[in-house]
Amino acid sequence: MGTAPLIIVSGPSGSGKSTLIARLVEKGDVPLRLSVSATTRPPRPYERNGIHYWFWTREQFQEQVRAGAFLEWAEVNGQWYGTPCREVDEYRARGVGVILDIDVQGAAQVRARYPKCLSIFLRASSWETYEQRLRQRGTESEEQIARRLATARRELERVAEFDRVVMNDELESAVAEVRAAIVEAFQKGNAHVG
């Protein structure tokens, strides 16, 4: 059995990454798991440590950076985010595809280290969609929304760096498109797919 694929799903805030990934993983027809990232940002009311993120202090995060414990890490919107290596390698060796929900900076770091990974950029067809989705969350101030939208503009300029660009205006068709790309990645790596 080959190594299961490493899958990057990136895109601006409001592109629907979390919803799409949750749908892929819960479907259960392909062995997948979402890597749990570490962050220094405070949890949103519904988020739980170790499920949505590992919520660490800046000191804990910097300690792990110095220890070389991250596959990738970056500062985004004033907070630190990173993917602990322990969240990836052992699962892939067991035949489970690992999805990384990371920003474009992190995606570039991972592609440099794992050039055969599958990188997918998720986007919406209109600028208004990003803003509307961010406002619907109801978790951020106007200043935070403005900062996320400015970051989104910079991220959209980097779509050409990704293997696939998937439009996420209609969730089920976006899920089907991403799932097909993942199944193909499993087949290329000769790993078993359900």
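Quick notes
- Dipole in debye (nearest 20) - the range 126-194, about Cα centre, beta carbon charges: Lys, Arg +1; Asp, Glu -1: 220 debye
- Zero-based 5 Å bins, Cα pair distances in the range 1-119, whole percents: 2, 11, 21, 26, 22, 13, 5, 1, 0
- 18 Å Cα-Cα reach of Lys116 towards lysines, excluding residues that sit fewer than 8 places from it in its own chain: Lys188
- The range 6-188 - percent relative contact order, Cα under 8 Å, separation 6 or more: 33 percent
- When the Cα positions of Cys85, Phe70, Gly97 are compared along the charge dipole of the range 50-99, Gly97 comes out farthest toward the positive end, with charges on each C-beta of Lys, Arg, Asp and Glu.
- Taken about its Cα centre, the chain carries a charge dipole of about 300 debye when Lys and Arg each add +1 at the Cβ and Asp and Glu each add -1 at the Cβ.
- Inter-label distance, nm, simple model (7 Å from Cα along the C-beta direction), Arg164/Glu26: 2.1 nm
- Projecting the Cα atoms of Ser13, Gly28, Phe162 onto the dipole axis of the range 6-188, where Lys and Arg carry +1 and Asp and Glu carry -1 at the beta carbon, places Gly28 farthest toward the positive end.
- Residue-count net charge about Cys85 - beta-carbon cut-off 12 Å; Lys, Arg +1, Asp, Glu -1: -1
- For the chain, built as a Gaussian network whose Cα springs stay under 10 Å, the top-fluctuating residue of Arg148, Arg164, Arg135: Arg135
- Cross-link partners of Lys27 among lysines (Cα-Cα below 20 Å; sequence separation of 8 or more within a chain): Lys17
- Annotation for the range 28-81: GluC sites (Glu not before Pro) lying in DSSP loop with at most 10 further Cβ atoms inside 10 Å of their Cβ do not exist.
- Here the peptides 21-30, 123-132 are ranked by packing, the mean other Cβ count within 10 Å, and the order with the highest first is 123-132, 21-30.
- With a Förster radius of 45 Å applied to the C-beta separation of Ala146 and Gln187, the computed FRET efficiency comes to 0.55.
- Of all DSSP bridge pairs formed entirely within the range 6-188, close to 30 percent run antiparallel.
Each reported figure results from applying straightforward, stated rules to the coordinates on display, with no laboratory input. Here the structure is a predicted model, which means the values were calculated and not measured. No Cβ is skipped: glycine too gets one built from the backbone with ideal geometry, and neighbour counts run over all protein chains shown.
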